[in-house]
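Worksheet for the structure shown next.
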Amino acid sequence: MIELKKSKPSEIARFVEMESADDTAGFIIPCSAEQHLAAMAQAQIIYLSIYERQTLVGFIILSLDDTTSVEFRRIVVSEKGLGIGQHAMRCMEHYCVNELGRKRVWLDVFTENTRGIHIYQKQGYDQFDRSEYQGKPLLLMEKLL
């Protein structure tokens, strides 16, 4: 069973460890513990820890960007291929509607992250634009909730 909880600063060291995993680091822009702590202190940034059977297995970062939308900045899970991330995404969307009163979630994903793109599409996200970060192409995707 997957459960989302508000993250605590004491979990940041584990977040940094999860981000540095070989099957994760190439698809995100990893943050230092200090960067996570500074982001966590911002009112518009929401960190949600992903627990499975009371064990921390991942985290999500959201950013409130207006009154109806949420930027889905990051999801990292320690165990890939078990459906944990997909289940956590559904829980996150429920949280966005019921706790935050939001109607739209959007994200960006590097075009080389084919696994991520496949999962986002499978979860109902559609591309609405393209962009780039430091010369690397990005897809902008959204889901209306």
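The values are calculated or read from the model by the stated rules, or taken from the named source; none is laboratory data. None of these values were measured; they are calculated from a predicted model. Positions of Cβ are backbone-derived with ideal geometry, glycine not excepted, and every protein chain shown enters the neighbour counts. We work out accessible area using only protein heavy atoms, side chains counted, and drop any ligands, DNA or RNA first. Shrake-Rupley method; radii C 1.70, N 1.55, O 1.52, S 1.80 Å.
Observations on the model:
- Checking each residue in segment 101-142 for being among the aliphatic types (A, V, I, L, M) and surrounded by 16 or more Cβ atoms within 10 Å (Cβ to Cβ) picks out Val105, Leu107, Val109, Ile117, Ile119, Leu138, Leu139, Met141.
- Among the candidates Glu71, Glu93, Glu34, Glu11, residue that is open to solvent by 70 Å² or more (accessible area, probe 1.4 Å), among the charged types (D, E, K, R) and out of contact with any helix residue (DSSP H, G or I) (no Cβ under 7 Å at 6 or more places or on another chain): Glu34
- Remark: pairs (first residue in segment 96-114, at negative phi and part of a strand (DSSP E or B); second residue surrounded by 14 or more Cβ atoms within 10 Å (Cβ to Cβ) and among the β-branched types (Val, Ile, Thr); Cβ separation under 6 Å; 6+ apart in sequence or on different chains) = Val105/Val70; Val109/Ile117.
- When residues of segment 37-53 are limited to those that are closer than 15 Å to Glu99 by Cα and within 14 Å of the chain's Cα centre (by Cα), the one surrounded by the fewest Cβ atoms within 10 Å (Cβ to Cβ): Ile45
- Pairs with Cβ under 7 Å, 6+ apart, first in segment 65-76 and touching a residue at least 24 places away in the same chain (Cβ under 8 Å), second open to solvent by 40 Å² or more (accessible area, probe 1.4 Å) and assigned to a strand (DSSP E or B): Thr68/Arg104; Ser69/Arg104; Ser69/Trp106; Val70/Leu64; Glu71/Trp106; Phe72/Trp106
Yes/no per residue for (1) modelled with pLDDT under 95; (2) closer than 25 Å to Met1 by Cα:
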site	(1), (2)
Arg53	yes, yes
Phe59	no, yes
Gly85	yes, yes
Pro137	no, no
